[in-house]
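One structure is given here, and the rest of the page talks about it.
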Amino acid sequence: QIRLGVGSNAATSVDYANPKKYEIGGITVSGAKFLDPTTLVSLTGLKVGDEIDVPGDAISSAIQKLWDQGILGGVDVRATKIEGNKIFLDFFLTERPRLSRFDFTGATKAQAEDLQKQISLNKGRVVTDALLNSTRTTVQKFFQDKGYLNAQVVIRQTPDSVIANSVALDIRVDKGEKVRIGELDIERLNPVNEVKGGLGSLISGIWKEEEEGFSETKLKRQLKKTKEKKFYKVFTGAKFNRTEYEADKKLLIDFYNKEGYRDAVIVSDSIYKMSEDRIGIKIVVDEGRRYYYRNITWSGNYLYDDAMLARVLGLEKGDVYNREELDKRLNYNPSGNDITSLYMDDGYLFFQIEPVEVAVEGDSIDIEMRLSEGSQATVNSITVAGNTKTSDHVILRELRTLPGQNFSRSALIRSQRELSNLGYFDPEKIGMEPVPNPENGTVDIRYTVEERPNDQITLSGGWGGGLGAVGTVGLVLNNFSLRKATNFKEWRPVPSGDGQRLALNIQANGKRYQSYSLSFTEPWLGGRRPNSLTVSLSKSIQRFNQRDEFSQIQESFIDISGASVNLGRRLRWPDDYFTLSNSLSYFRYNMSNGSTIFRGYAEADKIRDANNVSFITSFARSSIDNPTYTRSGSSIGLNVTFTPPYSLFKSTVNNFQWIEFHKWMFDASWFHSLSGNGKLVLNTRAHFGFIGTYSSKGEIGPFERFKLGGSGLGGGSFIVATDYIGLRGYEDESITPNGAGGIAFNKYVAELRYPVSLNPAATVFVLGFAEAGNNFGNYREYDPFKLYRSVGVGARVFMAAFGLLGFDYGWGLDTVPGLPGANGGQFHFIIGQQIR
Amino acid sequence: CGQYNKILKSDDVDKKYAAALSYYEKEEYEKAGALLEDLMPLLKGRSEYERANFLYAYTKYHQQLYLESSFHFISFGQTFPRSQFAEEAAFMNAKSLSNESPSVNLDQQSTAQAMSALQEFMRRYPQSKYMADANKIYDELSRKIEVKAFDSAKQYYKLTNYDPQYYKAAVVALENFRKSFPSSVYNEEAAYLRIDAQYNYARESIESKQRERYLEVISMYQTYVDAYPNSKFLRDAERLYSLSREAVEKLGKNQPAAATATNNQ
């Protein structure tokens, strides 16, 4: 179609062997009926007066540019005239019909929608044969992937009468029968029995099963996506998909290799038609023999001796030869040590190791590990990219790879963990790329991050707490910036990026219950040390109406205002996972008819106003790997609250005007992944809490006590100065020794978790649990082994915008004295991450 | 609004195009943009195509959709390289990208893109009437890159109080800054901070390494004093110099064998 030739009436010819420079004397367009010639000329990028080579790039690029518009069926360039060094060009264009619309017949509406995304039919485009062909192939492949192997596609063109020079396409699909795999047959060619006298015979007693070879069922199981249809396999689709089948064949060989059969090959495989809707597959495998390691030797190692390296490698003479496992132990082993990290953590970035099979005798393989240690590399520059919201300094201060230090792979991995724990970035997309500069022995490290939303907004209305309707408005900004708040340009939609946390919560139910709280945290006060400062303010008012024993309505209220300042510090000793925080808080209680609020605590009637000045210190260690779905690590914390010991100075102090107590809380939680892929996780927890007085005569007031049972959200009459601890399988607060609450509790939990989705936008996991706990009214009764037990199942959903939500169904195994219905089957709704 | 929807649904290309132009004149860029978007495939091969393309990119620019406007200005330049608007499109592409450039402490990918677009523009249209503007924008952007690099290097210095490991990191990072931006106005401060970090690094080091590291402070100070004889940090730097000199003297007494103060870079 594209020719640079001599026009029929032109007398000159173009010599293709010798390109010559011409000046364009004129450009004309012919053959176009619907298109504007001037525009077409401007599209060519050529102008009268331009100097061009003929033949040359200028003309081919002009053709390409016209062609790229997708509105032409053919472009033909001719030199109509050549006068001296002037050339007159004519573009002869063939117009083709454009696509006005297209429809599918024989496909469902949903399939048609999916297809539209895959095919490149744009309305207004010129219809060419290539376009029709690619469309036909795409549609056919679409149905073949769905199991319709015999799908036929025909495209019919009809002129569209509405728009001139255009056609409508009708894509007709005849899906045919859905084809399934009727039989799958794996034949093993000369399965070799163990050779007597080889290394294999030493341990053949252990590998009895494999000595006779693998069962066909076991082999079929290795084909993950290619399954045969059997009447009892209700959930097996048994679809045939070419790409998946090819991948499955590779899996089968991988399986053999893993088991020491490193020579295994698929000799032949055939797919045959059984009936209209059934095909059969036959795979023939030559297994070869099973191999074992004999001698492993090391060369090129100057830093570590053979014995040390052999210990890290952990493979012994007689172990089954497994190339995949070997590579893992040499290069990267996520669940333990490997040879490469031994070097890489000490700056040997250019370290290389190559296992060479130096001898293969019978079923035994000798391997020589050839090491090249290279020189140590120091970190030069650190760059961060992808932070479109979070400021550089918030990221840089978390990184453990510092300029000037020796390169260390474990520091790199630790940095990744720290970035992931910030919660601002998608943990699956944190990138670390060391860029070595071998000429000066340094390495630059490039980190890339991808921001994810992690602010939370709660807008909820609920019914409960004996209050009726309660509305909540909550806002948690986890990556807030106070500095940017003054510049309105930086609000998008809120000032963010400095790693500060601002939380605002308002809960109200008309006059009866109102609660306001505001807190602000700066994790790096002054920006020079990881010392956090938290300031929080809160106020709540609750009013109660209750009938007393004379059926008189008693009105009571409790009004609590508080403020607290907390200073936290990351410690570097005993290790850098420890934190210490101290806070000073003041609460003022104003109340009437206290006994109706703290039921069962008659003396509360005497309290009018009370003040609580307390000092809280908490010492904690957390090494969890990921806050949303934790797979490994632990968190342990001791939290001590104490007030000044007023009673030691004054003998006749009003017990409650200045509240005095000391309170000890201990929480420990461990995570272990139980399955190879790290998905099944066991979480074990233990929690203890104690409240005491300073003198033996001292009395523990109704404040700050423990209530155990239910979801731990304070379901009943929620009171601010009380610790609510969940115990699933029992009603909310059912395990509370008297109305006011207990002074000592303990609780033990074992939970098995399995993730359904690890998508960072919505992490979902299911869990099964067994837990036990108790709450005691005085220390004489305290017994850590006298427990209320329960078991149950549940699910959690973590969504970036809403935080953690979940529900549990628990079954309480022990009856609570005096509350016959409090145990047994119970549903619990969980909002937010709970510590206890 | 009813009028607009009627035009949007209409099949009359000429009427639609006229309406798009009039919305553009009235600065109703969203409406003008939507109409032009509809029209574009139909105008292909017609004389209005070029102008429609150019205005469409501008509607995106005026709606502050700079990434989109950049994309459309680029594609305009590629489709109509000989257009009278090609120069303006190239400049507007760079300007769009520079509007996307975020504040200094964030990822500067857009800034780098804008800078290379500006360079490309300056190379192709050295006589352009937009040259002064382009130079001004370019200076602002390169200033940003410089400030970011300095802030990052200084960040390591800031963290030295928290962990002495950062002293060495600060020395390396500040030196890297000097190498990357040799003519920066921040080099004076960087040089002083580097002396301070190196001095503390030497002070925190084990004794066998101290002498060598104090000598490094002295050599750094000498370079600094030559480069910035009137520096506002001079007094503090001088103090660090004297302290290092004393320390070297003291260390020298303990090990008289180690003699001359060599400048080992």
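Values in this text are rule-based calculations from the coordinates and carry no lab data. Worth saying up front: this structure is predicted, and the values here are computed from it rather than measured. Here the Cβ is made from the backbone with ideal geometry for all residues, glycine too, and neighbour counts use every protein chain on show.
Just a few scattered comments:
- Summed over all non-identical Cα pairs, the Kirkwood treatment of chain B gives a radius of 22.9 Å.
- Here the calculated FRET efficiency for B:Arg245 and B:Ser142, from their Cβ-Cβ distance with R0 = 41 Å, stands at 0.55, rounded to the nearest 0.05.
- Nitroxide proxy distance, nm - points 7 Å out along Cα→Cβ at A:Val756 and A:Arg311: 4.7 nm
- Selection from A:Gly499, A:Pro755, A:Leu326, by position along the positive dipole direction of chain A (Cβ): A:Gly499
- Per residue, the convex hull volume that the Cα atoms of segment A:206-347 enclose (Å³): 171 Å³
- In segment A:517-556, Rg over Rh equals 1.55, where Rg is the alpha-carbon radius of gyration and Rh the Kirkwood radius from pairwise Cα distances.
- Per-pair calculated FRET efficiency, R0 = 51 Å: B:Ala18 and B:Asn135 via Cβ, rounded to 0.05: 0.85
- Inter-label distance, nm, simple model (7 Å from Cα along the C-beta direction), A:Glu183/A:Lys123: 5.3 nm
- Other protein chain C-beta atoms within 10 Å of residue C-beta, averaged over B:151-158: 5.
- Working note: Karplus 6.51/-1.76/1.60 with θ = phi - 60° gives segment A:153-159 the couplings 10, 10, 10, 10, 9, 10, x Hz, where Gly and Pro are set to x.
- Here chain A is treated with +1 on each Lys and Arg Cβ and -1 on each Asp and Glu Cβ, and its dipole about the Cα centre works out to around 2240 debye.
- Taking θ as phi - 60° and the Karplus parameters 6.51, -1.76 and 1.60, the scalar couplings of segment B:188-193 work out to 4, 5, 4, 5, 5, 4 Hz in sequence order, x denoting glycine and proline.
- P(r), alpha carbons of segment B:1-86 - 10 Å bins starting at zero, rounded %: 18, 51, 27, 3
- Positive-pole candidate from A:Gln833, A:Gly741, A:Ala822, dipole of segment A:713-836, charges at beta carbon: A:Gln833
- Here the calculated FRET efficiency for A:Leu584 and A:Asp559, from their Cβ-Cβ distance with R0 = 30 Å, stands at 0.90, rounded to the nearest 0.05.
- Fully extended contour minus Cα-Cα distance, from A:Ala110 to A:Val267, at 0.36 nm per residue: 52.4 nm
- Amide H partners (placed H, <5 Å) of A:Lys86, local residues excluded: A:Glu23
- For chain A, the longest principal axis of the C-alpha atoms and the axis of helix A:242-258 are separated by about 60°.
- Think of each Lys and Arg Cβ as +1 and each Asp and Glu Cβ as -1; about the Cα centre, that makes the dipole of segment A:373-501 roughly 400 debye.
- Segment A:328-414: radius of gyration over Cα atoms, expressed as a fraction of 2.2 N^0.38 Å: 1.50
- Principal-axis tilt of helix A:109-118 within chain A, Cα atoms, nearest 10 degrees: 70 degrees
- Per-residue shielding of A:21-27, expressed as the average number of other chain Cβ atoms within 10 Å of the residue Cβ, stands at 0.
- Averaged over A:33-46, number of beta-carbon atoms from partner chains that fall within 10 Å: 4
- For A:Thr297, distant residues with modelled amide H under 5 Å away: A:Ile367, A:Glu368, A:Met369
- Principal-axis analysis of the Cα atoms of chain B puts helix B:29-43 at an angle of about 70° to the longest axis.
- Segment A:661-808: C-alpha pair distances exceeding 28 Å, %: 28 percent
- Put simply, the Cα atoms of segment A:342-467 extend 81, 44, 20 Å along their principal axes, the longest span coming first.
- Kirkwood hydrodynamic radius of segment A:401-457, Cα pairs, Å: 12.6 Å
- Amide H to amide H, with H built 1.01 Å from N, A:Arg96 comes under 5 Å of A:Gly73, counting only residues 5 or more places away or on other chains.
- The mean of 1/r over all distinct Cα pairs in the protein assembly as shown, once inverted, gives the Kirkwood hydrodynamic radius of 37.6 Å.
- Compared with the alpha-carbon gap, the fully stretched path from A:Trp67 to A:Asn295 is longer by 75.5 nm at 0.36 nm per residue.
- Rounded to whole Hz, the Karplus (6.51, -1.76, 1.60) HN-Hα couplings of segment A:215-232, x for glycine and proline: 6, 5, 4, 5, 5, 5, 5, 6, 7, 6, 10, 9, 10, 8, 7, 10, 4, 7
- Ranked by the mean number of other Cβ atoms within 10 Å of their residues, highest first, the peptides A:218-229, A:660-671, A:734-745 fall in the order A:734-745, A:660-671, A:218-229.
- Packing here is the average count of other Cβ atoms within 10 Å per residue, and on that basis the peptides A:291-300, B:165-174, highest first, run B:165-174, A:291-300.
- Placing a label point 7 Å from the Cα of B:Gln64 along the Cα-to-Cβ direction, the residues of segment B:90-112 whose backbone N falls under 12 Å from that point are B:100.
- Approximate spin-label separation B:Ser47-A:Lys146, in nm, with each point projected 7 Å along Cα-to-Cβ: 5.0 nm
- Relative contact order for segment A:71-110: 39 percent, from Cα pairs under 8 Å spaced at least 6 residues apart, divided by residue count.
- Packing order of peptides A:379-386, A:484-491, B:118-125, highest average first: A:379-386, B:118-125, A:484-491 (average count of other Cβ atoms within 10 Å over each peptide's residues).
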